[in-house]
Every structure is written in C-alpha cells, then in structure tokens.
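The values are calculated or read from the model by the stated rules, or taken from the named source; none is laboratory data. Not measured: the values here are computed from a predicted model. Cβ placement follows ideal geometry from the backbone for every residue including glycine, while neighbour counts extend to all protein chains displayed. Please note that ligands, DNA and RNA were not included when accessible areas were found on the heavy atoms of the full protein model with its side chains. Shrake-Rupley method; radii C 1.70, N 1.55, O 1.52, S 1.80 Å.
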Amino acid sequence: MERKTQDISINLPMHSQMAPVILGAVENYARVCGMDKADIFKLVLAVEEIFTYLSDTSLPGEIMLLQCRYFTYCLQVDFIFPLRSLNLRAFNLTTKVSVDNEPLMEEMGLLIASRSVEKLYFSRIYPDKLCLSMVKEKTYPEVILQPLADLSPALQTIIRPAEPEEIKEFCQNLLQRIAESQYPSFFNYPGKVIDMLAGDEYSILLAFDEKDHVVGGICWTGSQDRTVECFGPYVFNDNEATALALMDECLVHIGRSNVPGIISRYAENALLASYFEKLGSTSVYKVGEMTSRKDAYYRQINEDSGSRVWAHPDIEGFLQEFYQGLFLPREIRLVLSQGEELNQESVFTTEFDRGREQVTIRPLVFGEDAEHNLTQHINSLQKEKLFNIFLEMDLGKAWQPSLTPYLLSSGFKPCLLLPYAGDGDLLIFQFEAGDAL
Amino acid sequence: MNVPKLDRLVPSYIKGFEAYIPSKPDPELKKLFGCKQLYRLNNNENPLGPPPAAQEILHRFETHRAAIYPSGDSYYLRDKLAEKYKLHPDQILVGNGANEVITFAIKAFCEAGDNIITADKTFAVYEWVAIFSGYEARLVPLKDFCFDDEEMLAQIDARTKILFICNPNNPTGTYWNQEKLCRFLDRIDGKQIVVVDEAYCEFVEKEDFPDGIALIERYPNLVVFRTFSKMYGLAGLRIGYLAGSLEVVNIMRRACVVYSVNTLAQETALLALDDPEHIQRTNTLVKKEKAYLYRELTRLGLPLVMHEGNFVMIKLPISDTLAYRQLMACGVMVRSMTGFRYPNYIRITIAQHEAMEALIQALEAIL
Ligand SMILES: Cc1ncc(COP(=O)(O)O)c(C=O)c1O
C-alpha cells in the first residue's frame, strides 16, 4: 500500500500553555500515518517531555518550529528553536543516570524522552538555532521462516528493483542462507524493510534467475551528499558474477551524485578487494564481552581533490599513516591549546542503536570538564548494558580535535576514518573496555 | 541580515540537484598529492595544443583590445564556418564551449513537463542541463557500449522534445554510421529535435562515419554540436558551436547568450580551421599511441574499450576512485568512471608517448 502523507510544520510560542496544541498535532499526525496506539503513546510522551523542557528554559516570546515527517516505517519530529535560551548541559542526556544525587526533575524528563523513541539527536546546528530530532519507529512483527526453493547457479540473471512480495522472499533467503553477522537486524522484519524502501532513504536491487527466483540482492541507504552504506551484495546460489553485477548496478545508481562515498560493513570478503578499500575495524561487544572485530570497507564515488583537516598532535601520526596508506590527499593542520579560556561545561549528544547495543556520541560544545563528562557518559552507558560506544570527531571542525587527549585518556581509540562524512573527514573513536576503567 | 528563505526560493529540481565540482588547478593538486609532474589525461584535450597559426594569434594579441567587447555573435567565425560547410551564417550559433550551446537547445525547446532522451553512459551535460532546468532526462542504457536506437525511439512520448546522441560516444568511442543515423532520423520524421554531438568527429577516420552538418539540409530537425576544445586544442578559450536548419536555429537564437564568446577565442578558432595538417598530425599521434596502449594494457591483462576518439576506457581490478588517487600520486591524472556509471573503469586521454609511458608505469606500480 502506497501511503503518501504530507509533512506538517507549526510555528508556536515556546510556552507550556501550547503543550496541548503540539501534542494534539503530533498524536493526530501519527494516527493519520498509521502508527499503532502503543507507539503513538511513546512518541507523544517524548514530545511532551521535550516541549516541557524547552518551554521551561526559553525566554518570553520565543518561537519554535515543530516539523513532523513521515517515512513509512518511522515518524520524525524536529524541534527547531533559538539557541541562546538553552542550558545545553542538560542534553548530556546519559550523564544523569549515574550521578549519585537525584537528577533534576526537568532533566529527568529528557531522559524519559530519550528512552521512549529510537533516536533523539541534534540533527542540524545553525548559527543561532538548533534542531533537535526524534525518530519513533513503528513496531513490526518478526519474520516467520518458511521453506526455501532450491536454487541452482542461474544461466541468466536479471537485476531489477523489487516488488514487496519479492522483498519478503529476499529476506527469507537472507535470514536462512547468510550468517547473521553479515546483515543488519532490520532484515528480521520484512514488513519494516518494505516500508523503509517506500521512502527515499533506502534502496534495493534484487537479482532473479530464469525461473524468477530471488538469487541475490543489494540494499543501500543514504543519498544526496551523505555517505551511503550498503548491505550486501548477497548471493544465494554461489554465483560470483551475480555479486559483481549487483555491486556494479548499485554503483551505477549512486554514481552520478555528490555522495562522497559508500561504506560496507556487511559484505563478503572476496568481493571487497576489487571494489573497496579497508578503512579499519571496530570491536563488537556483546553483553560486555568483546566477541569479534568487524572490518569496515569504503569506496569513494568521486575523484578526491584533496582537503584540509584539523588534528591534535597526539593523533597526527595515526592520521598521516592512514592518509598515506589510502593515498588520500590531505593537508593536516594542527590545533594546539594556547592557554585560551574554555567553556566550563562540555556537551555531548548521544544516539542510541539498541538493536546493536550501540551508542554514538557526538561533541556539541567543548569545555573544561570534557574528560570528566566523557567518563560519566561511559559509566552510565555501561550501566545500561551498552558496550559498543563510538565517538565521532569531525576533522572539518577546528574545535573538535581539541578533545583528542581527553578521549585517549578515557579509553577511546581511533578505529575508523570516513572521508568527507562530516564537514570534513569523520574520525571514529571506539571505547575499548579492556584498556580503561 | 536575515538568512534568505531558501526553502521557499529554491525550486524543487534544484534542491535535488548536486553541483558538479571540477578538479583543482595543477599546482594545488601537485601539492596535495605530492607529485612533481602532472600528466593531465582526464579531459580529452589535444597534447599538441592549438594549430601553429592559431598559436600565432595568441602571441600577437594586442592587449588594449581586451577592453573592447568581442563580436556579440562571432560574426567572422560564423562566416568562415558557413563557407566551409556550405551553410548560411545564420545557421550557426557559437557558444562559450559546446557546453553552452547545449543550454541554448534545451532552453529553446523545453518547457515544464517536457523531457529529453539520451543514453545513461554518455557525456553527462545533456542530462544535467535538463534536470537543473526542471525537465526530465530519460536515460536509455547503452547496448554493447553503443547508443540503442530502438530503445530511444521507444522512450519517446508526446512531451519528448530533444534526443541527444553523442557521435562518437564519450566515453565508449562507439558511433552510429551514416545508415543508422539516417534510419533513426527517418523514423523520428521531424517530430522531435535530434542533436548529434560531434565533439570528437575530427578524430574519426572511418569511411561510414556520418558528417552531421551535411545532413542538415535533408533533416531540418537535426542540430549538430562541434567544439574547438578537442581536436583544435582550444579548451582553455572555451568555444564551440551548433549548426542546424535556419528555422530551428532562429528559434534557438532566442535562448542564446550573446557576447559570451571572447575575442581571442573567436579569432583563434577562425585560424584553427585552416590547418588540415594539424588534424593529420594529431590523428597520427593518436593512432600510434592507441596501438602502444593496446599492446601494453593487453600485456598487463587489463580489458579496454577502445574505439573512435582520442580516449580509451580501461577496466581495473580495483576501485577506480582509489586508482585515481594512486595514479595522481604517480603524477598521472585520469578520469575515474564511477561518475559516468562505469564503476572500476578509468578513461584515459591519448597523449604524447612520454605520458603514455608514465601511465603504463604507474598502472604497473599500483596493480
Ligand atoms: C561529447 C562532448 N560534448 C561536449 C563537450 C564540451 O565541450 P566544450 O569544451 O566545447 O564545452 C565535451 C567535453 O568533454 C564532450 O566530451
């Protein structure tokens, strides 16, 4: 079923009296989008907590823009509000769980909000405005596995976009023929996959044999100027030519765009060397134990004409080696503290991916307490049984590399570098539990 | 000052379109990639430069003339081209490179809801201009590296205004011969404009290669593009032109930007046309170096797509964008072809032997 719902946006005063207006709007919008009651309840709860917090800390007369967008499998609510009125410190969401003294009630509200939705994060930062986004996904039934058709190496393979029933067939094959570590968990919910593909965010191409059986596929997400992640290619009949053809077709689809690159964390190794460059690897923790390492592969889409990156001297050697190894033309500019006064308080935002027991931390403000603040984040995340902790440092932003010494001393290690994935290259640090704390 | 309300100001087709980012100037690239020398094999330029008579004009240019506007419609150059091709001067429009005349054609004939048809793996500017002007670009997959006439015809509907054929095709070098082009034009039967982009026609020595300009009289809906950037070695001066029937060109003139072609370009182009030996010399070099590349690339086991034109495509066993960076570090600049929808291919401009040797050495080093 194709459901096209228009986005809505409302300008309204940031005043608690307005709460019924915004809650009513979000609730009705979610209902029109077909979200079920339980999900709507959680979404509205989160919106209420955020709006209460924002209106309590705003200045008289300030106006906020609320936007709701529907992506078939999820609903996104954006709060765009003036930056100056806010105590950003409260957005160090996770820190409050672990501190001994009772968190302030208002900050407790933010915590509740962050736990009721799949994602809560600052998506865009303007000079004078912030955009806080929340994403609530619909709940989908888990797949029921069904017997599969026997597949033989196809004589003729056709690659094309897929119908919903074919996507279900693809998921059945994937779940039963491919190792679990090779695909993301959303493939366990074929209904969700179909809904994800209904928007612009995800795309899929499937391969069919002469009997019109699904024999493989490749899925990718991201578009325009964002780094694309691809899942696959997956092939169910051992036909390597099909894998190559799927990879080529995927690249043909995104080739003529400004997508900086395509990252693959879920493909089979044989194929990777001829299409990708190894970027590095991350550790995978399950229930606190390091269980494996996962390689990340990358390929640029366009010719790299070089750029400048900011870096702290503590990490210059690592970067130089990395850039030289991959022939990436970069001019490294060092940032050094010259004794200038800092903000007292640092602010980090966190994005949760509970399916993967994973958290991504992003710096929002650099401050004197960065090391302490980071340690508190880690403590509270570990208490929540989240052990795959990443921090993204944007080397295109001159203030971010100043965090480097604090990251290194609190147990983070650089693990991956994604060219052009932020304002500049994005350096990913992972917290390695074994070494610190 | 308030930030402009871009959300409201910008049309949706522009919002969805990504700007093309050209490569940086050589000194910047050399610094970034740490190479002392750089062979530019990425833009299909002529390594011999402009013909000698044209070079002379550049040397003799009187600097005070820079203050004076050029001829607004390239008056003498059109006269010269008309004489050469037996056309009326008004059948020609000169532009700031063939790139600019692409916009004349699309702006003159398309309006909201219209579409153009071209191939998926060809020179991208037809597609780009259509899209960022708000029109649909229907892309027909190449068949055996060649424009697919049947499928292009099948894609035509009531809103199709222009079909673009690149002959020979950049980047595959394949071409439609006289018979195939005429058959296609017969089937279009004047219902749409057919543009044949002959940017590389001077490099083709095949007997059956059609001379588009000579067909204009028979097919008044045919428009031919040519450029001085490739064979004539004037890419830096930006000059190209289109030719068509008087009726059709009179329409396109309304969408044409006057004064966009500078004095030096007009005068140099005029003299460049007079030197058949330059074409000879260039084609001898291209032929010789193509043979060299064929030998060497075959020895390296690299498949290649080599037909007409001063370029070849090479299929690599690694990512083409990685190869681009590695080759840059060796001082060789190629065109990576993922952007042309040919993942893991690179395109090489045929150049002087020294550059071809540098390419082969670099490929040996990186593979
Ligand atoms: C097929 C084709 N047409 C047109 C052009 C543009 O030529 P100009 O430099 O005259 O704008 C090129 C340049 O690469 C080309 O390859």
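The table for this structure:
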{"read-out": "Every residue from the range B:207-221 that is within 16 Å of the ligand (Cβ to nearest atom) and surrounded by fewer than 24 Cβ atoms within 10 Å (Cβ to Cβ)", "value": "B:F209, B:P210, B:I213"}
{"read-out": "Candidate set: the range B:76-126, residues that are of a type in the set (V, I, T) and within 14 Å of chain A (Cβ to nearest Cβ); chosen: the one nearest to B:A19 (Cα to Cα)", "value": "B:V125"}
{"read-out": "Checking A:I204 against (1) surrounded by fewer than 18 Cβ atoms within 10 Å (Cβ to Cβ); (2) outside any helix (DSSP H, G or I), the condition it does not meet", "value": "(1)"}
{"read-out": "Output for the range B:106-124, where each listed residue is part of a helix (DSSP H, G or I) and either within 12 Å of the ligand (Cβ to nearest atom) or β-branched (V, I, T) (or both)", "value": "B:I106"}
{"read-out": "Residue in the range A:363-377 that is under 27 Å from A:E118 (Cβ atoms), modelled with pLDDT under 90 and of a type in the set (V, I, T) present", "value": "yes"}
{"read-out": "Residue match in the range B:226-244 (condition: more than 13 Å from the ligand (Cβ to nearest atom), away from every other protein chain (no Cβ under 14 Å) and under 14 Å from B:I92 (Cα atoms))", "value": "yes"}
{"read-out": "Qualifying positions in the range B:13-42 - within 13 Å of chain A (Cβ to nearest Cβ) and more than 26 Å from A:F327 (Cα to Cα)", "value": "B:I14, B:K15, B:G16, B:F17"}
{"read-out": "Residue in the range B:175-193 that is in a loop (DSSP other than H, G, I, E, B), within 16 Å of the ligand (Cβ to nearest atom) and in contact with an Asp or Glu (Cβ under 8 Å, 6 or more places away or on another chain) present", "value": "yes"}
{"read-out": "Residue count, the range B:194-206 (criterion: outside any loop (DSSP other than H, G, I, E, B) and either of a type in the set (K, R) or within 8 Å of the ligand (Cβ to nearest atom) (or both))", "value": "1"}
{"read-out": "Top-ranked residue in the range B:156-174 [being open to solvent by less than 10 Å² (accessible area, probe 1.4 Å) and of a type in the set (S, T, N, Q); ranked as nearest to the ligand (Cβ to nearest atom)]", "value": "B:N170"}
{"read-out": "Lone qualifier among B:V101, B:V94 - being within 16 Å of the ligand (Cβ to nearest atom) and touching a Gly at 6+ places or on another chain (Cβ under 7 Å)", "value": "B:V101"}
{"read-out": "Any hit, the range A:311-328, residues being farther than 30 Å from B:C330 by Cα, in a loop (DSSP other than H, G, I, E, B) and open to solvent by 10 Å² or more (accessible area, probe 1.4 Å)", "value": "no"}
